Amino acid sequence: MSRPVALITGAGTGIGLATALRFLQDGIAVVGVGRRPEPLAELQRLAGDKADRVAVLSADVTAGDTPRRAVELAMSAFGRLDYLVNNAGAGSPKPLHESDDAFIDESLDLMLRAPIRLTREALTVMGSGGAIVNISSTFGLIGGMRAGTYAAVKAGIIGLTRHLAVQYGSQGIRANAVAPGVIATDMTRDRLNDERLRRMNFDMTPAEGWGEPEDVAAAICFLCSPDARWINGQTLAVDGGWSTTKFLSQKALEADWVERPGAA
């Protein structure tokens, strides 16, 4: 019997790359989709002696023919498709009043429309035992300062996940979402030096340090695995407790109080 196959968007960097490498470690073949060929070549290099289990497609996930090309690559290279990870995205949220129509359209196209279209295509070949994992965000769970369209899109991903779970669960296809907090990737690393972001995240997270791509990859691969066979329609926050606690670090507790303008 051939090994399972996972299709991952945004597979060349960050969470997507960590997930691809984790799947390979677990004996699962990978179809990696990404906009730039250089990161995908790095994925193949990092695969080492498992490179024969990797097929890559350099394509914009928002392009009209990308879903078909990606699924066809999985079938031609490996003859099956078992897992889909809708990971590709952009991490530059801004408040709604700073967002023009072009930014709103780009966000919707990349992080909601593209996953919907790719999932629709994957369902044509995915059978019982299949699993879909959509990457949402803690902003999709609770909103957040400066989240704007990003929060709306990531909340939409959770809605999509719940629909997939109820619609296709009886066919043996599970769907879950992962909602990362701030993860240290190339896309976010510069922002981690911003004092406001550090205070809003590091000082309000009971777990120490920052989340790493491998932390999210572990959750994704678990949700795709047979060990998660009874988990469907759920959203798993991978954020060190940020979204579900009211934690404050000792530094924050000892900080000087600053009265909010307009407070009585």
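Candidates 37, 144, 57 compared by Cα position along the dipole of the chain: farthest toward the positive end lies 57, with charges placed on Cβ.
Across the chain, where is the longest run that never hits GluC sites (Glu not before Pro) in a DSSP loop with at most 15 other C-beta atoms within 10 Å?
Values: sites that count: 208, 254, 259.
Excluding the exposed sites themselves, the longest stretch runs over 1-207.
Starting from the Cα gyration tensor of segment 1-141, multiply each eigenvalue by 5, take the square root, and state the resulting semi-axes largest first in whole Å. Provide the component values of the computation, followed by the final result.
Values: eigenvalues 139, 53, 36 Å².
Working from the Cα gyration tensor, I get semi-axes of 26, 16, 14 Å.
Name the residues whose placed amide hydrogens come within less than 5 Å of the amide hydrogen of residue 130, ignoring near sequence neighbours (fewer than 5 apart) on the same chain. HN-HN under 5 Å from residue 130: 174. The fraction of accessible area contributed by carbon and sulfur in the chain is 52 percent, rounded to a whole number (1.4 Å probe; ligands and nucleic acids excluded). Using a simple spin-label model with pseudo-atoms 7 Å out from Cα toward Cβ, residue 203 and residue 259 lie 2.0 nm apart. The stretch between residue 229 and residue 103, if pulled fully straight at 0.36 nm per residue, gains 41.6 nm over its current Cα-Cα span. Between 246, 94, 154, the Gaussian network model of the chain with springs among Cα atoms under 10 angstrom shows the greatest mean-square fluctuation at 246.
For the chain, what is the relative contact order in percent, using Cα pairs closer than 8 Å and at least 6 residues apart in sequence? Intermediate values should be presented prior to the final figure.
On the way: 500 pairs, mean separation 47.6, N = 264.
Taking the mean separation of contacting Cα pairs over the length of the chain, I get 18 percent.
Say we join alpha carbon atoms closer than 10 Å with springs in a Gaussian network model of the chain; which of 115, 180, 39 then has the biggest fluctuation? Highest fluctuation of the listed residues: 39. Entry note, the chain: the mean residue ellipticity at 222 nm calculated from DSSP H runs of n ≥ 4, each adding -39500 (n - 2.57), is -11500 deg cm²/dmol after division by the residues and rounding to the nearest 500. With 5 Å bins beginning at zero, the pair-distance distribution over Cα atoms of segment 77-148 amounts to 3, 13, 21, 20, 15, 10, 8, 5, 3, 0 %. Each residue of segment 18-30 was assigned a 3J(HN,Hα) from its phi angle through the Karplus curve 6.51 cos²θ - 1.76 cosθ + 1.60 (θ = phi - 60°); the sequence is 4, 5, 4, 5, 5, 4, 4, 4, 8, x, 10, 6, 10 Hz, with glycine and proline shown as x. Partner lysines whose Cα lies under 18 Å from the Cα of residue 94, excluding those fewer than 8 positions away in the same chain, are identified as 154.
By how many nm would the segment from residue 58 to residue 72 lengthen if fully extended, with 0.36 nm per residue of separation less the alpha-carbon distance? Intermediate values should be presented prior to the final figure.
Working: separation 14, 0.36 × 14 = 5.04 nm, distance 1.37 nm.
Value of the extension gain: 3.7 nm.
Shape summary: the chain maps onto an equivalent ellipsoid whose semi-axes, from the alpha-carbon gyration tensor, are 33, 19, 18 Å in decreasing order. For the chain, the dipole from Cβ point charges (+1 on Lys and Arg, -1 on Asp and Glu) about the Cα centre works out to 680 debye, to the nearest 20.
The values are calculated or read from the model by the stated rules, or taken from the named source; none is laboratory data. Fair warning: this is a prediction, and the values are worked out from it, not measured in the lab. Backbone-built Cβ (ideal geometry, glycine too); neighbour counts: all protein chains shown. Calculation scope for accessible area: heavy atoms of the full protein, side chains included, ligands and nucleic acids excluded. Shrake-Rupley method; radii C 1.70, N 1.55, O 1.52, S 1.80 Å.
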